[in-house]
1. Suppose we keep only residues that are under 24 Å from Gly186 (Cα atoms) and either of a type in the set (Phe, Trp, Tyr) or within 13 Å of the chain's Cα centre (by Cα) (or both) within region 111-136. Which one would you say is nearest to the ligand (Cβ to nearest atom)?
2. Return only the number of the condition from (1) at pLDDT below 95; (2) open to solvent by 50 Å² or more (accessible area, probe 1.4 Å); (3) not in a helix (DSSP H, G or I) that Tyr149 does not satisfy.
3. All but one of (1) over 16 Å from the mean Cα position of the chain (by Cα); (2) more than 16 Å from the ligand (Cβ to nearest atom) hold for Pro161, so report the exception by its number.
4. Please verify whether Ile82 is open to solvent by 60 Å² or more (accessible area, probe 1.4 Å), β-branched (Val, Ile, Thr) and away from the ligand (no atom under 16 Å from the Cβ), treating the condition exactly as stated.
5. Filter region 54-79 down to residues that are open to solvent by less than 80 Å² (accessible area, probe 1.4 Å), without any contact (Cβ under 8 Å) to a residue 12 or more places away in the chain and within 47 Å of the chain's Cα centre (by Cα), then give me how many there are.
6. How about region 1-53: which of its residues are aromatic (Phe, Trp, Tyr) and open to solvent by 90 Å² or more (accessible area, probe 1.4 Å)?
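The values are calculated or read from the model by the stated rules, or taken from the named source; none is laboratory data. Computed from a predicted structure; not experimentally measured. Don't worry about glycine lacking a Cβ; one is built from the backbone with ideal geometry, like all the others, and counts go over all protein chains shown. Side chains included, ligands, DNA and RNA excluded: accessible areas come from the protein's heavy atoms. Shrake-Rupley method; radii C 1.70, N 1.55, O 1.52, S 1.80 Å.
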Amino acid sequence: MNTWLRNLFLPSASSIRAEGVDDLFIFVLWLNILFFLLIAGLIAVFVLQYRRRSANQKTAHIEHSTSLELTWTIIPSIICLIVFFWGFNTYMQAAVAPDGAMEIQVTAKKWIWTFGYPDGSVGIGKLWVPVNKPVRLIMHSEDVLHAFYVPAFRVKADVLPNRYTETWFQATEVGDFVMPCAEYCGKGHSQMRAYVKVVSLQDYEKFLEDGDPEEKGLPPEKLGASLYVNLGCSTCHSIDGNKGQGPTWKGGYGTMHKMSDGKMMMMDENYIRTSILQPQANIVEGFQGIMPSYQGQIRERQLVALIAYIKSLK
Ligand SMILES: [Cu+2]
């Protein structure tokens, strides 16, 4: 029955803690169903049983019933205690990562997720992890409150500025799992999505050595188009000419643009490169300097690909 309920409306349970969380959730759900039926049923019965049968009917005067009051105090208290201790135990398992867990730094900023791996490499938009290994995440935000959330792992934790928070998970299946930001963090919040990419240990080691295999062998323009989404550029820059939080990419290359300090600049390769690595250097008139820097977080090949993609948007 529980498996059936789980499959009906919960996402796949793809981490070792997921089923424990589901069990408690389904227990509480059953409690709600049972008490709903009990209370609604009693209301119906009492309405019929104790309805006013004649105009001057008087009911018996009852002050209280000690046994009834004890019953409806003790039974709910016991149920509350069961749910509390069960939940506390599940929470403690979620709060403390097992010894020897691999550590990954997670940085949130409007509106991208950045991941720092144990070997010092950094990735954006995709969190690569090996399957069946505990992974501890040490997280912080560079601006406002965000929340790390992987529904399939039943993991959710706030990500705060000025302090670290942590959580951990151990994925049990290979695959891509969506990771939306779960804390309203401004205009681009609904697009602040990343993926957890669970792969075999060999594939994970290969990723650390040679980077994302999905980026390999792609012509720069195509790679740029996928980075446009994966690196979070799409949150602020449109490719259809519409004004977003940042200037549109469409038709921008090769034309002159007015900066906020009044000077005119040609949007060429160097202009784009500077804008990605040091976004505050030149702010286009009419926009705010809110773009995060991608310095140290993006490889040369990715930069070249983004430039090629922008050039293709005539
Ligand atoms: Cu967010």
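1. Trp111
2. Result: Tyr149 passes all but (1).
3. (2) is the only condition that Pro161 fails.
4. On the way: open to solvent by 60 Å² or more (accessible area, probe 1.4 Å): yes; β-branched (Val, Ile, Thr): yes; away from the ligand (no atom under 16 Å from the Cβ): yes.
It is true that Ile82 is open to solvent by 60 Å² or more (accessible area, probe 1.4 Å), β-branched (Val, Ile, Thr) and away from the ligand (no atom under 16 Å from the Cβ).
5. The number of residues fulfilling the criteria is 5.
6. Initial filter on region 1-53 (aromatic (Phe, Trp, Tyr)): 4, 9, 25, 27, 30, 35-36, 46, 50.
Matches in region 1-53: Trp4, Phe9, Phe25, Phe36, Phe46, Tyr50.
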